[in-house]
Amino acid sequence: MNVIRPKIEEVRKRWYRLEDYDALKDNLRRIIKQDSHPRELLEKTQSLLRGFRGWRDYNSANADAPPLSFEQDYTAIELYCSDIGYKFMFGLINQVLRKKDLDDSQMLGAVTLVEFLTIDLYNYRLANIGNSLYHDFQGIVHRGMSVAPEELSSFQAAATGPPFQRNFSVPLAFASCSTDEGKIQEFLKSNPEKDRCQLHWVIHVHSANPRLMARYQHKYPDSIVTSLCAMPIATVSEFAEKEILLRGAFFHIVRMTTEQVGDNTIHKLEMVMLNTNRDHGSELAENKNDKEEQRRYLTKIIQATKFEICASLAQEYGLSGDAQIYQEEVKRIVDVLDTHDISAPDPSNSSLTDSPSAPTLTWLGASLKSAFPEHYVKRRDMLSSAAYKGEWEKVMKIIRDDYDFQMCDWCNIPRLYGWRSNI
């Protein structure tokens, strides 16, 4: 991360200067031209690199900043969530991370792609700010994968190591997960691979402790912190699988278990992550020391919250020794914060963990296709047509494929009108 962070800062400083922004796009175009790609991928990347994409709520003081388009376009998310787009974006990012001699042009291209995705996720969250599940997603998500035996051994070693060393992350990484555990179990059952091990990630997603975050915002009122690291994206994704996209997540392993499901041996990895993130176009102060101080302070808040959650889960799983270690570390971190803060913690709330956000009513009055992402429009059209024809099994399937917390929203939605060139 020490190698990549300066490149992220470089990209963000260049983003709001028209000439530099065009140079970032031209660099990506050169990388794309180096290999042969399907037409669909080329069309998506051309759309991604057209015009200017920026944070919706960030007004740059730079007079050379490109004009911002206000169309609800999430091409970067759509690209990543497509099969061909994922292979391209993941391939480039993976190649950069695994190279011993990092290619500056390719690293710049990979970071630029990640910035496009970050901006899309931020704007998508902002467009759904009235829905608390988008504003601050918390819950349990699942991911199934096949790994080599040596990779499984690495996870097992981490899961049985000292509590504070049971973490891992991949810089620039994204991970698609689902709130539907059944889909993951189906995937693991139907995709047995010879000489590969079946791994089931169970990830407990939480937000940073609101009491400590209030102190952070009091100290740094200009710092923008969001739940960007865990976003529901099924509306944008071509796969209607109750998908949650995790961005740059730092996972902490609580335990690892093994269970036999039919002829398959499933290794279950239970982890904790926080959705809290401070990536935003405004996080570019001239004084780097100020931003580094903010980063360190927020890191302590995240650690305190994470270890409190780990302690609770460890206690639930009968790992009392681990629970005590986590609790002691929480106390140590909070004591450090208290020592350096004038404001004292709120005694009315002794627990750092926060309950998941409650669902809120969402206004679904928008009726133009241009107001929604492409794949959502297709599902709305399918629903309206099926209801009109009385094909109720199809209607129920479309509803069941959505997130549990959104099923009720489909009951009274009208048919969408208008025209989109890409539908």
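The values are calculated or read from the model by the stated rules, or taken from the named source; none is laboratory data. Just so we're clear, the structure is a prediction, and the values are computed from it rather than from any experiment. Counting neighbours? That spans all protein chains shown, and the Cβs are built from the backbone with ideal geometry, glycine included.
So which helices (runs of 4 or more DSSP H) are wholly in segment 123-202 and hold at least 3 residues that are touching a Leu at 6+ places or on another chain (Cβ under 8 Å) and small (G, A, S)? If you could, list the steps in order and put the result at the bottom.
Working: elements: 132-135, 149-159, 181-190.
Those helices (runs of 4 or more DSSP H) do not exist here; none qualify.
Within 23 Å of S237 (Cβ to Cβ), surrounded by fewer than 15 Cβ atoms within 10 Å (Cβ to Cβ), at pLDDT 80 or above and among the acidic types (D, E): which single residue out of D381, D404, D335 fits that description? Walk me through it before giving the result.
Numbers: D404 fails: at pLDDT 80 or above; D335 fails: within 23 Å of S237 (Cβ to Cβ).
Within the list D381, D404, D335, the selection yields D381.
I need a count of the residues in segment 222-250 that are closer than 24 Å to F307 by Cα and out of contact with any Lys or Arg (no Cβ under 9 Å at 6 or more places or on another chain).
Adding up the residues that qualify gives 5.
Counting just the residues of segment 297-311 that are farther than 13 Å from S207 by Cα and modelled with pLDDT of 95 or more, which one comes out surrounded by the most Cβ atoms within 10 Å (Cβ to Cβ)?
C310
Determine if segment 338-358 includes at least one residue that is out of contact with any Gly (no Cβ under 6 Å at 6 or more places or on another chain), over 30 Å from F164 (Cα atoms) and modelled with pLDDT under 90.
Initial filter on segment 338-358 (out of contact with any Gly (no Cβ under 6 Å at 6 or more places or on another chain)): 338-355, 357-358.
Within this subset, residues satisfying the condition of being over 30 Å from F164 (Cα atoms) are 358.
From what is left, the residues that are modelled with pLDDT under 90 are 358.
Yes, the conditions are met somewhere in segment 338-358.
Would you check which residues across segment 314-324 are assigned to a helix (DSSP H, G or I) and surrounded by fewer than 19 Cβ atoms within 10 Å (Cβ to Cβ) and list them? Before you say what the answer is, go through the steps one by one.
In the first step, residues of segment 314-324 are kept if they are assigned to a helix (DSSP H, G or I); the result is 314-316, 320-324.
Residues satisfying the conditions are Q315, E316, S320, G321, Q324.
Just a yes or no: is a residue in segment 238-253 farther than 16 Å from I184 by Cα, assigned to a loop (DSSP other than H, G, I, E, B), in contact (Cβ under 8 Å) with a residue 24 or more places away in the chain and of a type in the set (G, A, S)?
Yes.
Conditions first: (1) surrounded by 14 or more Cβ atoms within 10 Å (Cβ to Cβ); (2) over 30 Å from P210 (Cα atoms); (3) out of contact with any strand residue (DSSP E or B) (no Cβ under 8 Å at 6 or more places or on another chain); (4) modelled with pLDDT under 80. K369 passes all but one, so which condition is the exception?
Unmet condition: (3).
Find the residue count for segment 129-164, including only residues that are under 23 Å from the mean Cα position of the chain (by Cα) and free of Cβ contacts under 8 Å to residues at least 12 places away in the same chain.
The total comes to 1.
The rows are residues; the columns are (1) buried (at least 17 other Cβ atoms within 10 Å of the Cβ); (2) over 19 Å from F250 (Cβ atoms); (3) not assigned by TED's automatic domain parsing to the domain that holds H206.
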| site | (1), (2), (3) |
| --- | --- |
| G139 | yes, no, no |
| G144 | yes, yes, no |
| P149 | no, yes, no |
| S154 | no, no, no |
| T160 | no, yes, no |
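Name every residue in segment 210-239 that is hydrophobic (A, V, I, L, M, F, W, C) and either surrounded by fewer than 19 Cβ atoms within 10 Å (Cβ to Cβ) or within 26 Å of A323 (Cα to Cα) (or both), in order of residue number.
Hits for segment 210-239 are L212, M213, A214, I224, C229, A230, F239.
Is it true that some residue in segment 58-74 is closer than 30 Å to D222 by Cβ and at pLDDT 80 or above?
Residues of segment 58-74 closer than 30 Å to D222 by Cβ: 58-74.
Still in the running and at pLDDT 80 or above: 74.
So far as segment 58-74 goes, yes, one or more of its residues are closer than 30 Å to D222 by Cβ and at pLDDT 80 or above.
Among the numbered criteria (1) within 29 Å of V96 (Cα to Cα); (2) crowded, with 21+ Cβ neighbours inside 10 Å; (3) in contact with a Phe, Trp or Tyr (Cβ under 8 Å, 6 or more places away or on another chain), which one does T179 miss?
Of (1) within 29 Å of V96 (Cα to Cα); (2) crowded, with 21+ Cβ neighbours inside 10 Å; (3) in contact with a Phe, Trp or Tyr (Cβ under 8 Å, 6 or more places away or on another chain), only one is false for T179: (1).
Checking T362 against (1) of a type outside the set (A, V, I, L, M, F, W, C); (2) surrounded by 12 or more Cβ atoms within 10 Å (Cβ to Cβ); (3) at pLDDT 65 or above: exactly one of these is not met. Which one?
(3)
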